[in-house]
Amino acid sequence: MRLTDCHNTEHFRRFAERRLPSPIFHYIDGAADDEVTYRRNTAAFETCDLVPNVLAGVEHIDMSTTVMGQKLDLPLFLSPTALQRLFHYDGERAVGKAAEKFGTMFGISSLATVSIEEIGSTISTPKLFQLYVHKDKELTKSMIDRCKEANFEAMALTVDTIVGGNRERDLHTGFTSPPKLTFKSLLSFAAHPVWAANYFFREKFGLPQLEGYVGEGTNISVSVADYFNTMLDQSMDWKAAEAICQYWGKPFVLKGIMSVDDAERAVEIGAKAIMVSNHGGRQLDGSRTPFDQLAEIVDAVGDKIDVICDGGIRRGTHILKAMSLGAKACSGGRFYLYALAAAGQAGVEKALTNLRNEIERDMKLMGCRSIQDLSRNNLRFR
Ligand SMILES: Cc1cc2nc3c(=O)[nH]c(=O)nc-3n(C[C@H](O)[C@H](O)[C@H](O)COP(=O)(O)O)c2cc1C
């Protein structure tokens, strides 16, 4: 399989499946319980259809948008995701460079495998840091301080991981971070020698944001669910979120808002944006999809806060549909993670090229010269 054969997210997914040891592929590809919400996140976009207008003079189109005060050349950005150096040895470096080339924002996770300082000094495109609130208050504060120092543009507080989701594929494969060396995992590494050589002989795997604070997740193999359950602060509440928002002092986002009530509270505490998200179906299976919740949230708070539709995005038309309902931008994880696993920075660039071409072609076919031309007038639910 070659990169030139990857025309859509599913092609990248298959490529990634070949490249990665199976516990790592299933960590990316899997979700919670029966994965119903995960599947519905994408299927929800098929509950409505686009209604095009024609003869609109679409020789030049503008697909830029402004979100959290940042102008992005694409209405799509790269959500923060953990452990990227397990997927490709260039990890966040590759993703950041690709996002920069496309003039869009990218996020790094609290569980990123490259330091805040390195990303801050090497990547010029808008950068978002995703914060997990740890029981160790000093650790949480150190992450915020480091982001201030490194001039990150925005901070996203993830609010949907108060406990770990039940990701049964990970239970089945025994996925841990770093990968545990068991008989089964060694067999899987042996079947993927290129991945194994890169993992074992290049830079040592680490989680630089946690170093000096915790052994877990850095050198002791631990499952992601155990990490959430033992390290994160389950007492986190609106008061804590407001205090973080104030301490950070720059554009602040709540990631994982799904209800109108919570969207309104996000406005009250001073958030600049919300990511309507169910964590890619990896947490509460049976929860509603971001696209299904979008209209009511936009109606309630869309004039006060930037509403972002996160998750399930696999096609340009999905983005056009979300923007038609009033999202300021869309974001996603797996669409670029499969590509990262397939071919590093070149892979992520190809995934972004495919989606940019789709958005451009679809906007022209819709008779839209700019993203602002999209509205509910051009959408019909079945
Ligand atoms: C492998 C993987 C790791 C993730 N790690 C994080 C994380 O560390 N923090 C976070 O807030 N969200 C994390 N997410 C969720 C993404 O930010 C995003 O919400 C999700 O991927 C959207 O769904 P999509 O993959 O269908 O686009 C992760 C998602 C995946 C697939």
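The values are calculated or read from the model by the stated rules, or taken from the named source; none is laboratory data. Because the structure is predicted, anything quoted here is derived from the model rather than measured. Backbone-built Cβ (ideal geometry, glycine too); neighbour counts: all protein chains shown. The protein model used for the area step is the full one, side chains on, heavy atoms only, and it has no ligands, DNA or RNA in it. Shrake-Rupley method; radii C 1.70, N 1.55, O 1.52, S 1.80 Å.
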Exactly one of (1) modelled with pLDDT of 95 or more; (2) away from the ligand (no atom under 14 Å from the Cβ); (3) open to solvent by 50 Å² or more (accessible area, probe 1.4 Å) is unmet by Asn229. Its number? (1)
Take the residues of segment 357-381 that are farther than 17 Å from Val54 by Cβ and either of a type in the set (A, V, I, L, M, F, W, C) or touching an Asp or Glu at 6+ places or on another chain (Cβ under 7 Å) (or both): which is surrounded by the fewest Cβ atoms within 10 Å (Cβ to Cβ)? Phe381
Among the residues of segment 144-176, which ones are in a helix (DSSP H, G or I) and surrounded by 22 or more Cβ atoms within 10 Å (Cβ to Cβ)? Cys147
Residue count, segment 306-323, condition surrounded by fewer than 24 Cβ atoms within 10 Å (Cβ to Cβ) and away from the ligand (no atom under 15 Å from the Cβ), comes to 2
Output the qualifying pairs, or none if there are none: Cβ atoms under 6 angstrom, residues six or more apart or on different chains, first residue in segment 324-342 and in contact (Cβ under 8 Å) with a residue 24 or more places away in the chain, second residue of a type in the set (Gly, Ala, Ser) and within 9 Å of the ligand (Cβ to nearest atom). Ser331/Ser79; Gly332/Ser79; Gly333/Ser79; Gly333/Gly280
Search result, residues across segment 182-214 that are touching a Pro at 6+ places or on another chain (Cβ under 6 Å) and assigned to a loop (DSSP other than H, G, I, E, B): His192, Phe205
Just the residues that are under 23 Å from Arg40 (Cβ atoms) and in contact with a Phe, Trp or Tyr (Cβ under 6 Å, 6 or more places away or on another chain), please, taken from segment 261-290. Gly281
Tell me, please, whether a residue that is within 30 Å of Thr140 (Cβ to Cβ) and within 16 Å of the chain's Cα centre (by Cα) can be found in segment 112-119. yes
